Amino acid sequence: MRAHTRTKLKGLSVLAAAIAVALCVCTLFGMFGVCSANAQVGDGTQTETDGAETEATPRGLFTSLSLAINGGDGMIWATVKNDFTLLPSTVVVIVELYCSDTYYESHEDMELVSINSTEDLNMGKTITAEASTGGVQKYWQGRMRYKVDKKGWQSETTGTMKYSAEGEYLGLL
């Protein structure tokens, strides 16, 4: 009787594991919409299709980007790195570098001196915007704007920092 009970419990455990795996697969492909497709119609408009010959567009589940500002050798640069992306996705990134002779808290009051962008920043890759100090001590701020797949645009800034004419960090203000 004990051997029969163990066999029955083992069978139930295998069944429960199979159900859990099936639910995970259904959740990934169904709920999160891992793939969508677009096809181009003869007049140039695009429509959604279910056809097997369409090109699939992957969608990421989670993306982590980091923004940093650094300097040296008379240069200042802002860098965005795609630290991690869960599932394939398209990460559009714009990195901007602002400066001012006087302190401002917002980049909106500063001068945009450099901008760089990419249509897809892959995991582990970086994008940089850089500018010369012009031999003058200034206040600097980096900003990134980004969009993951079809989600809305988001932005982050480094805060205003003071750098010497040589590009040496003098403090966070």
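Quick check: at a probe of 1.4 Å, how many percent of the accessible area of region 115-169 sits on carbon and sulfur atoms?
42
Solvent-accessible area per residue for region 61-173 at a 1.4 Å probe radius, Å²?
Roughly 53 Å² per residue, with all protein chains present.
With θ set to phi - 60°, apply the Karplus curve 6.51 cos²θ - 1.76 cosθ + 1.60 along region 104-117 and write out the HN-Hα couplings as whole Hz, x wherever there is a Gly or Pro.
Taking θ as phi minus 60°, the curve returns 9, 6, 9, 5, 4, 8, 9, 8, 6, 10, 7, 8, 8, 8 Hz for region 104-117.
Residue 151 to residue 132: extension gain in nm, 0.36 nm per residue of separation minus the Cα-Cα distance?
My answer for the length gained is 3.4 nm.
In region 132-173, which chymotrypsin sites (Phe, Trp or Tyr not before Pro) are in a loop and have at most 13 other Cβ atoms within 10 Å, using DSSP for the loop call?
Filter output for region 132-173: 153.
The values are calculated or read from the model by the stated rules, or taken from the named source; none is laboratory data. Fair warning: this is a prediction, and the values are worked out from it, not measured in the lab. FYI the Cβ positions are ideal-geometry reconstructions off the backbone, even for glycines, and counts take in every protein chain you see. The area values use the complete protein model at the heavy-atom level, side chains included, leaving out ligands, DNA and RNA. Shrake-Rupley method; radii C 1.70, N 1.55, O 1.52, S 1.80 Å.
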